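Here the structure is laid out as structure tokens; the discussion comes afterwards.
Just so it is clear, none of the values below were taken in a lab; they were calculated from the coordinates. Note that the structure is predicted; figures quoted are calculated from it, not measured. Don't worry about glycine lacking a Cβ; one is built from the backbone with ideal geometry, like all the others, and counts go over all protein chains shown.
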Amino acid sequence: MIYIEACEAGSMFSGLLTDDKNIYAVTASNAEESSYACYWDDVRGAYLGDEFSVNWMEDSDRLSDLSKETLVQQFDAVLKKTTQSHVSRYGNFSIAKLPVSQFQGEKAARLSDNQDNQHRQPAHRDAVPSQDVPLIVAQRRAEAKPDHPHLAAVYKGLLSGREYVDSARQFLGRRLIREFAFPEDILSQRLPLTRHECYDTLLKTFDENCFNVSTHPYALQSLHLLVNVCETLDRTSEEVFGVKSIANFLAKECKEHVQEHPFASVL
């Protein structure tokens, strides 16, 4: 039993996890959308949870006996409460007939009515896209302390960094279109990934020569361009150009025109 709270979490399983495997997965979002952070805390200056995971944990908290609810009942409850993204499930659905207690264990004690917050606000009341959390946190902190100019500088730096990554993606896309006669829509499409070897080659090239996605996770937004290149590349053009030649061209363009470190970190 796997729970995944992440943007585009469904992409981990869509078209990959078949029902003949003894695995059942539930994700915060489908393969094409963000998940959502929630429960902003003014004291800590941070979001304390994510809508999907908060909902399934609170669903378990309210039960005195987890053996009384099955995974499919849990899924239905969380699906109803999670309004900002599409909670999805994959794999062997027969596992969903099993009780939650088989995977989460038994409770040691039940919260009393006084301890249990009967008036808790819905988790989505302040939900924001998870990929925007660093930017929104920086903005909130800057607004909360206007006499600290370095906080405003951090926020402006993140905005500028994102603009730089977006413009670099457009530039690289245009260069690929011109050099290899790709269609214009490789810049806008979100094609499903099936050609994993091609994508792996271009991803490593991008990561090493353009933006390291561990240091600059906002650059993950650019990876759809690489997926679209691989999925658009037909067998004839692949024989003419070869994936390696596209990777080499991408590396050259990045080294000549894209600077990874004008900003300490582009989140």
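Output needed: Cys residues of the chain lacking any neighbouring Cys C-beta below 4.7 Å, sorted by number.
Cys7, Cys38
Among Ser85, Ser53, which comes first, then next, by fewest other beta-carbon atoms within 10 Å?
Placing the least packed residue first, the sequence is Ser53, Ser85.
So how far apart, in nm, are the two label points at Asp147 and Asp126 if each is 7 Å from Cα heading toward Cβ?
For the pair Asp147/Asp126, the computed spacing is 2.3 nm.
Cross-chain or 8 or more residues apart, Cα under 22 Å: how many lysine pairs in segment 149-257 fit that? Count them up, please.
5
What's the exposure ranking of Val133, Val165, going from fewest to most Cβ atoms within 10 Å?
With the fewest neighbours first, Val133, Val165 line up as Val133, Val165.
Which of the listed residues, Phe180, Ala31, Leu158, is farthest toward the dipole's positive end in the chain, when Lys, Arg count +1 and Asp, Glu count -1 at the beta-carbon?
Positive-most Cα among the choices belongs to Leu158.
At 0.36 nm per residue, and after removing the present C-alpha to C-alpha distance, how many nm does the segment from Ser188 to Thr215 gain when stretched out fully?
My answer for the length gained is 7.3 nm.
Could you work out how much longer the chain between Lys255 and Lys204 gets when fully extended? Use 0.36 nm per residue separation minus the Cα distance between them, nm to one decimal.
Between Lys255 and Lys204, full extension yields an extra 16.9 nm.
If r is the Cβ-Cβ distance from Phe103 to Asp19 and R0 is 22 Å, what FRET efficiency results, to the nearest 0.05?
Efficiency, rounded to the nearest 0.05: 0.75.
Using the basic label-point model (7 angstrom from Cα toward the beta carbon), what is the Ala46 to Ile177 distance in nanometres?
Result for the modelled spin labels: 4.2 nm.
How big is Rg to Rh over segment 2-129, alpha-carbon atoms, Rh as the Kirkwood inverse-mean-distance radius?
My calculation puts Rg/Rh at 0.99.
Taking neighbour counts of Cβ atoms within 10 Å as a proxy for exposure, in what order, fewest first, do Asp50, Asp234 appear?
Fewest to most other Cβ atoms nearby, the residues stand as Asp234, Asp50.
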